[in-house]
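Participant: My questions all concern the structure below.
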Amino acid sequence: MVATILPPLSLYIHVPWCVRKCPYCDFNSHAVPAGEAIPEQAYLDALIGDLESTLPAVWGRTVRSVFFGGGTPGLLSGPGVARLLAEIRARITLEPGCEITLETNPGALEEGRYAAFRDAGVNRLSIGVQSFDDASLRRLGRVHDGGQAERAIESALRSFDNVNLDLMIGLPGQAEAAARQDVVRALGFGTTHLSVYQLTIEANTVFAKFPPPLPEEDVVARAQEEIDGLLAQAGFEHYEVSAYARPGRRCRHNLNYWMFGDYLGIGAGAHAKVTSPGGGVLREERFRAPESYLRNAVQGQFVSQRRMVAADDLVFEFALNAFRLRDGFAPSLLAERTGLGPEKFEPGLREGVRRGLIARHPERIAPTGLGMRFLNDLQALFLPAGDGGASEVAADS
Ligand SMILES: C[S@@+](CC[C@H](N)C(=O)[O-])C[C@H]1O[C@@H](n2cnc3c(N)ncnc32)[C@H](O)[C@@H]1O
Ligand code: SF4
């Protein structure tokens with residue numbers, strides 16, 4: 001084990017409710033029953049108790065980013081978000097300039113709350129647009145249309161100068177030109193960040209049970225290439241598989257995940273990763289169902305699973321995150337973030353270079369263009385021996 005330098009720390013807050021459950025979504029999100037409100041006060045109390053219970057693991061450390069994710073965190077009220085952020089600040093120091101992002105959906109009736117979110121301390125808004133095309137949005141089961149998405153963005157830009165838009169491509173029945181058109185429309189608003197995800201059919205979703213007709217792979221690949229070109233021309237940096245930012249506007253919170261930083265995770269089903277000062281990485285998961293989370297919170301219980309990550313798994317988990325970054329990482333990060341010696345990564349790195357998937361320089365280790373295209377293959381090189389990792393591959397060759 002190499003001496004551990006503690007990584008930067010972020011805070012993730014999960015809000016598990018949505019107006020309606022989308023048929024493609026496998027996030028921990030649950031439709032609010034029609035005519036009912038979310039149990040906001042009970043949930044905020046639980047979140048504060050949850051944070052308090054986890055503080056001993058991070059005494060003395062400061063938080064560099066906060067992210068309200070969902071579900072639909074925009075369903076929280078402005079005063080609710082203000083109270084929560086004040087309670088957080090009273091318990092743990094947020095670094096100056098701390099990025100505080102809140103995810104929200106057009107059509108979730110929360111646009112009137114954007115100014116209140118800003119006044120509460122939120123300084124970055126992420127809007128789940130997905131598409132501006134009404135037919136595509138209907139097929140995705142979204143509660144909003146393209147016009148509502150546009151109004152939500154305009155409204156967000158009146159309160160925030162740092163706004164991300166989520167788009168999806170490879171949508172049921174979507175032609176190449178339609179995917180490009182969505183990006184062109186998104187660019188027209190002048191936001192600072194775009195996330196473009198390819199629709200994936202996740203197990204245990206309505207789409208898995210009743211698969212919609214999806215465009216051919218080469219159609220999606222061509223759309224992706226065109227989008228990359230458009231965004232580069234518009235001055236966006238493509239810094240992660242799905243993330244594009246104007247200079248200086250990369251998402252600090254997500255970057256911390258990808259650089260294998262630490263994060264507290266509070267709320268139903270939230271995940272946490274914390275490096276202990278003596279070495280070793282702790283992973284935790286909270287009770288997943290909102291009712292179960294709230295019920296256990298009353299007893300002061302929040303965590304349903306807790307484990308120390310085995311050294312071999314750390315190697316793979318690091319690779320799973322860090323190779324998503326197009327610029328890669330400094331070689332020193334391997335030891336800094338895992339506490340492991342370089343020999344643990346050597347077989348995977350060598351094999352990655354041999355196959356043209358990894359570029360290795362004294363200052364930087366990064367995926368090549370081929371490595372980005374075949375990211376799963378690259379990441380699999382770091383699986384523990386016996387699971388198909390490079391230590392096995394190297395022994396075979
Ligand atoms: C955590 S989700 C929640 C955001 C917000 N509730 C919404 O849906 O607008 C974040 C983003 O993940 C993307 N996403 C969700 N399910 C997906 C799937 N099956 N395939 C690809 N992207 C997905 C969507 O773009 C979504 O905006
Ligand atoms: S609104 Fe977002 S989080 Fe909620 S169900 Fe739809 S995709 Fe999932």
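The values are calculated or read from the model by the stated rules, or taken from the named source; none is laboratory data. For clarity, every value in this text was computed on a predicted model and none was experimentally measured. All Cβ positions, even for glycine, are placed from backbone atoms using ideal geometry, and neighbour counts span all protein chains on display. Areas reflect the complete protein model, heavy atoms only, side chains present, ligands, DNA and RNA absent. Shrake-Rupley method; radii C 1.70, N 1.55, O 1.52, S 1.80 Å.
Participant: When the chain is modelled as a GNM with alpha-carbon springs shorter than 10 Å, which of 269, 352, 278 fluctuates the most?
Facilitator: Result: 278 has the largest fluctuation of those listed.
Participant: Taking 0.36 nm per residue of sequence separation and subtracting the Cα-Cα distance, how much length would be gained by fully extending the chain between residue 150 and residue 311, in nm to one decimal?
Facilitator: Contour length minus Cα-Cα distance gives 53.3 nm.
Participant: Might you tell me the accessible area per residue for the chain, computed with a 1.4 Å probe and given in Å²?
Facilitator: 43 Å²
Participant: Next question. What are the residues whose amide H is under 5 Å from the amide H of residue 192, where those residues sit 5 or more places off or on another chain and H is modelled from the backbone?
Facilitator: 163
Participant: For region 1-147, which whole-number percentage of the solvent-accessible area (1.4 Å probe, protein heavy atoms only) is attributable to carbon and sulfur atoms?
Facilitator: Numbers: 3140 of 5660 Å².
Its accessible area is 55 percent carbon and sulfur atoms.
Participant: Compute all pairwise cysteine Cβ distances in the chain, then list the cysteines with no distance under 4.7 Å to another cysteine.
Facilitator: 18, 98, 251, each lacking another Cys Cβ under 4.7 Å.
Participant: Based on the alpha-carbon gyration tensor of region 153-247, what equivalent-ellipsoid semi-axes (square roots of 5 times the eigenvalues) come out, in whole Å, largest first?
Facilitator: Equivalent-ellipsoid dimensions as semi-axes: 25, 16, 12 Å.
Participant: For the chain, set up a GNM with springs between Cα atoms under 10 Å and report which of 344, 273, 209 has the largest fluctuation.
Facilitator: Maximum fluctuation in the GNM of the chain, among the listed residues, is at 209.
Participant: Further question: So for region 9-256, taking the charge dipole from beta-carbon charges (+1 Lys/Arg, -1 Asp/Glu), which of 73, 84, 177 sits furthest toward the positive end?
Facilitator: So the residue furthest toward the plus end is 84.
Participant: Right, something else. Helix-only estimate, please: 222 nm mean residue ellipticity of the chain, summing -39500 (n - 2.57) across DSSP H runs of length 4 or more and dividing by its residues, to the nearest 500.
Facilitator: Taking each H run of at least 4 residues, the total per residue is -11000 deg cm²/dmol.
Participant: In region 311-396, with Lys and Arg counted as +1 and Asp and Glu as -1 at Cβ, which of these residues, 381, 362, 318, has the Cα nearest the positive end of the dipole, that is, farthest along it?
Facilitator: The residue sitting farthest along the positive end of the dipole is 362.
Participant: Given a 10 angstrom Cα cut-off, can you work out which residue in 39, 16, 73 is the most mobile in a GNM of the chain?
Facilitator: Result: 39 has the largest fluctuation of those listed.
Participant: Among 164-172, 136-144, how do they line up from the highest to the lowest mean number of other beta-carbon atoms within 10 Å?
Facilitator: 164-172, 136-144
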